[in-house]
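Have a look at the structure below, then the notes.
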Amino acid sequence: MRMRHALTTACLATALTLGVTAHPATAAPDKPIGDKIAEQALSQYTSTNAEVKKRKYEGAANGVNAKNNCNFYTGFWTDPRNRRFDGSSAPRTGTDRATCGTSKGYMYVKKNRAWVKTWTPVKWKSRAWCSDFAKYTWYWGGAKVTGLNASAGSFRSYGLANHTWHSRADVAKKKGAKGAYVPKKGDVVSYDWDRDGVIDHVGVLTTYSTKYKAYFSVEGNSGEKLNYKNTKQSAVSPLVVGYTSPKKL
């Protein structure tokens, strides 16, 4: 969501085939980065892991939605132990003044002078978190995240800097027209709810239909929770500003 204030409210499995072959096994081709990001986004919503399931709701990490901006993803980025610590801070108390919860998650932390991927407690923090969630899926999906921050508008800035920004007008163009763009899995969609020129919110595309010019998405801080929007959303809605594609590391 738009970062008016730190406490602003709003914002697959691998198939194993057993058999004998006379030839050496061939490594499966690497998945497109967008597919990896989409899988990361969906896994945050559909995971059956008890610790991951807690991330769907704001609050004390107890599965009850306190709607107070406390969330795992901000805690991840603001943890000084994290190899990708973003250098910012956020309150440990929510908008209701309750202490934010704690849950476990993977993070690269330093052990014996080496960065080690570790399942570790993460203290939740409170701030608008749609961008923190989208950035998280890009990071674990293998995308460059330099230049992204807690502001929803940072995704457009990233896209402009990396030449991966595509406006709603680009998507509305006919196929083959100059500058026409077809959104893809893993892209981040930017919204302007107030239509005042300021990006208020972002989400991660998990599916796109060229036939309907529509998409599904997973979005943090949507309805003050993690939300999987799996009904057709118009890619050229007046509320959509545009799309940012990830750059591979």
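Each reported figure results from applying straightforward, stated rules to the coordinates on display, with no laboratory input. All of these numbers come straight from a predicted model, not from anything done at the bench. All Cβ positions, glycine included, derive from the backbone under ideal geometry; neighbour counts span all protein chains shown.
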Aspartates and glutamates within cross-link reach of Lys185: Cα-Cα under 19 Å, excluding same-chain residues under 8 positions apart?
Asp30, Asp35, Glu39, Asp132, Asp170, Glu219
Per the charge dipole of the chain (beta-carbon charges, Lys/Arg positive, Asp/Glu negative, Cα centre), the residue among Gly59, Ser47, Tyr139 reaching farthest to the positive end is Tyr139
Take the alpha-carbon centre of segment 198-222, take the same for segment 68-141, and report the distance between them in whole Å.
23 Å
Please tell me the relative contact order of segment 110-209 in percent, rounded to the nearest whole number, where contacts are Cα pairs under 8 Å and at least six residues apart.
22 percent
What dipole magnitude, in Debye to the nearest 20, does segment 50-95 give about its Cα centre under +1 on Lys/Arg Cβ and -1 on Asp/Glu Cβ?
120 debye
Relative contact order of segment 33-244 (C-alpha contacts under 8 Å, at least 6 apart) in percent is 21 percent
With -39,500 (n - 2.57) per DSSP H segment of 4 or more residues and division by the full residue count of the chain, the 222 nm estimate, nearest 500 deg cm²/dmol, is -5500 deg cm²/dmol
Could you compute the net charge surrounding Asn68? Neighbours are other residues with a C-beta less than 12 Å from the C-beta of Asn68; K and R count +1, D and E count -1.
+3
For the chain, what ratio Rg/Rh do Cα atoms give with a Kirkwood hydrodynamic radius?
1.00
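Strictly over 23 Å apart at the Cα level, which of Lys67/Lys184; Lys56/Lys229; Lys31/Lys178; Lys56/Lys135 would you flag in this model?
Values: Lys67/Lys184 31 Å; Lys56/Lys229 13 Å; Lys31/Lys178 28 Å; Lys56/Lys135 16 Å.
The pairs that break the limit, which is 23 Å between Cα atoms, are Lys67/Lys184; Lys31/Lys178.
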Order the peptides 110-121, 228-239, 126-137, 72-83 from the highest to the lowest mean number of other Cβ atoms within 10 Å of their residues.
126-137, 72-83, 228-239, 110-121
Reciprocal mean inverse distance between Cα atoms of segment 39-149 - Kirkwood radius, Å
14.1 Å
Placing +1 at every Lys and Arg Cβ and -1 at every Asp and Glu Cβ, with all other atoms neutral, what dipole size does the chain have around its Cα centre, in debye to the nearest 20?
380 debye
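Using only the Cα atoms of segment 176-249, build the gyration tensor, take square roots of its eigenvalues as a ≥ b ≥ c, and label the shape rounded, prolate or oblate: rounded if a/c is under 1.5, else prolate if a/b is larger than b/c, else oblate.
In terms of gyration-tensor shape, rounded.
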